Amino acid sequence: MENNASKNQEKEAVKSSPLQAPKGMRDILPEDSIYWDKIFEIAKDTADFYGFGHIDTPILEYTDLFSRGVGSGTDIVEKEMYAFRTKGGDNVALRPEFTAGVMRSFIENGMSRFPQPVKLWYFGPTFRYENPQAGRYRQFYQMGLEILGGETDPVYDAQVIVASIRLFEDLKLKDIIVQINSIGCHTCRAQYRKKLQDFYKKEIEAAERRRTRVVCRDCERRVDINVLRLLDCKEDLCQDIKSRAPSILDSLCSNCRDHFKSVLEFLDEVGIRYELNTFLVRGLDYYNRTVFEFVDANYGMALGGGGRYDYLAEILDNKSSVPAIGMALGIDRIANLLKEKQIGVPNRKKEKVFVIHIGEIAKRKTFALMEELKRNRIAASEAFGKDSLQAQMRVADKEEAKMALIIGQKEVYEEATIIRDMKTGIQETVPNSKLIEEIKKRLHKQ
Ligand code: HAM
């Protein structure tokens, strides 16, 4: 971990309390996890449809994987990584993203011998030591799709984008726009970088002569280190010069231009709305050619992003060459948005029955009845902790159960159960031998 981050961590350590989740991390309680579950379900369906297999990689990886893969000069690695040395002396880091780990796994498991390309999807927690705020956490969840191996065929860039949009649509998020750009290959990007650097340097020098500033301090520092990031700057001061900067699309070599054109044609073919955003460069070093982000006009932060990363394999292991394209969605942000918009609110209310006991012996019978309902796949719940009939009825009401199954001493003795229709209040005693059949009949009646 870099110095700033560890200093901040020390400061926070003083304030830490065993009764508080660490700063920027939170519990996902049942009222929210219903959104997570829904997103997972739709993510899985989408990934299955487009032929992606599920992969899970370790939450911890060797730090080097990210320093080399994501890039040692990126914010993620320089400032935001939870990296530490284990007692055994290994330098490891909590994954700040999945892509580098997925590529590591591809190489380590010899997936280049599998039918190409290999399509993988994932869902899980990631960690970045950022300044927490709404929609920005230190532990957050990503779901992603990666297509590795085979050719650099633009159809796969388009497929990753289309699959993501379909996933959003299935979540009833209809206003997602894809912002898209191409950042070229090693050759044309190097030329563009030089052009951009010359432009900025000239402008900064001219401004200095006028004793004014045209870029913020961060950008001034980055001109020599990572000039593309200047296009990403959100500071007001930097907007004017940014709008006059040369566009990367004018500098693409013919192969990169054709590739990009073809990606856009595939998107046009299936009516995906996109916006060209020539300022989009993304904060990770491994990208080349297509880069994109998913935004919703009413949500201030990107809901997901991705791009092509044909050089990552070589960066990690110079014997490998693996063309690749992928994307990751920010699940926390999507869940926030679903909740905020009150759309796609998952309706988990299955018709269910509620078992009620009156007395200790009846409690044992209802305990066994729950298991019988489970075996018969009948949705059921109980309030075993409450003994009074009224208290149990109140829970049944609250849970909007369709019927209550009531067992008292008399019913134990008669081997029967009372079925109470929760809407009408009408009750009927049914012999236990016919109970399951009767419940099924009533559940299907509606
Ligand atoms: P990323 O843009 O760094 O890309 O992250 C993807 C998404 O994760 C973001 O668009 C955002 O929705 C969410 N996200 C990022 N940081 C946070 C945070 N602190 N709190 C909440 N949500 C966050 C990647 O990670 C690449 N690995 C994507 C990729 C896959 N590229 C190729 N394949």
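Bear in mind that the values in this text are calculations on the coordinates, not laboratory data. Since the structure is predicted, the reported quantities are computational estimates derived from the model, not experimental observations. Ideal geometry is used to build each Cβ from the backbone, glycine not excepted, and the neighbour counts take in all protein chains shown.
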Show which lysines lie in cross-link reach of K119 when reach means a straight Cα distance below 30 angstrom and same-chain residues fewer than eight apart are skipped. K38, K44, K172, K174, K261, K319
In degrees, nearest ten, helix 154-170 long axis to first principal axis of the chain (Cα): 40
Could you tell me how far the Cα centroid of region 386-412 sits from the Cα centroid of region 146-195, in Å? 55
Kirkwood Rh, angstrom, region 169-279 [1 / mean 1/r, Cα pairs]: 15.8
Round to the nearest 10 and give me the degree value, 0 to 90, for the angle of helix 331-341's Cα axis relative to the longest principal axis of the chain. 70
Note: R364 to K234 extended length (0.36 nm per residue) minus current alpha-carbon separation gives 40.4 nm
Give the order of L284, L19, L60 when sorted by the count of other beta carbons within 10 angstrom, beginning with the fewest. L19, L60, L284
Taking the Cα centre of the chain as origin and charging only Cβ (+1 Lys, Arg; -1 Asp, Glu), how large is the dipole, in debye to the nearest 20? 720
Hey, what does the equivalent ellipsoid look like for region 211-366, semi-axes from the Cα gyration tensor as sqrt of 5 times each eigenvalue, largest first, whole Å? 47, 23, 18
Along the charge dipole of the chain, which of L237, N432, I147 sits closest to the positive end, that is, farthest toward it, with unit charges on the beta carbon of Lys, Arg, Asp and Glu (+1, +1, -1, -1)? L237
Simple spin-label estimate for T429 and R442 in nanometres, 7 Å along Cα-Cβ: 1.5
Identify, among S381, A362, Q409, the residue whose Cα sits farthest towards the positive end of the charge dipole of region 353-445, taking +1 on the Cβ of Lys and Arg and -1 on the Cβ of Asp and Glu, with the dipole about the Cα centre. S381
Short version: what are the Cα gyration tensor semi-axes of region 281-388, square root of 5 times each eigenvalue, largest first, in whole Å? 53, 21, 11
25 °C / 0.890 mPa s Stokes-Einstein diffusion coefficient of region 353-445, Kirkwood radius on C-alpha pairs, µm²/s: 190
Would you list K365, K350, K339 from fewest to most Cβ contacts within 10 Å? K350, K339, K365
Under the rule of -39500 (n - 2.57) per DSSP H run of 4 or more residues, summed and divided by the residues of the chain, what mean residue ellipticity at 222 nm is obtained, to the nearest 500 deg cm²/dmol? -12500 deg cm²/dmol
Rank by packing, highest mean first: peptides 82-88, 188-194, with packing defined as the count of other Cβ atoms within 10 Å averaged across residues. 188-194, 82-88
Counting other Cβ atoms within 10 Å, which chymotrypsin sites (Phe, Trp or Tyr not before Pro) in region 275-382 have at most 10 and lie in a DSSP loop? none
Do any cysteines of the chain lack a neighbour Cys whose Cβ is under 4.7 Å away, and which are they? C185, C216, C219, C256
Order these by the 10 Å Cβ neighbour count, fewest first: S105, S33. S33, S105
Assigning unit charges at the beta carbon (Lys, Arg +1; Asp, Glu -1) and nothing else, what dipole magnitude in debye, to the nearest 20, does region 353-445 show about its Cα centre? 300
Report, ordered by chain and residue number, the lysines lying within cross-link reach of K194, taken as a straight Cα distance under 23 Å and ignoring same-chain residues fewer than 8 apart. K202, K234, K242
So if R0 is 35 Å, what FRET efficiency would C253 and D218 give, r being the distance between their Cβ atoms, rounded to the nearest 0.05? 0.70
Taking just the C-alpha trace of the chain, give me its Rg and Dmax in Å. 28.3, 99
To the nearest 10 degrees, how steeply does helix 360-375 sit against the main Cα axis of the chain, on a 0 to 90 scale? 50
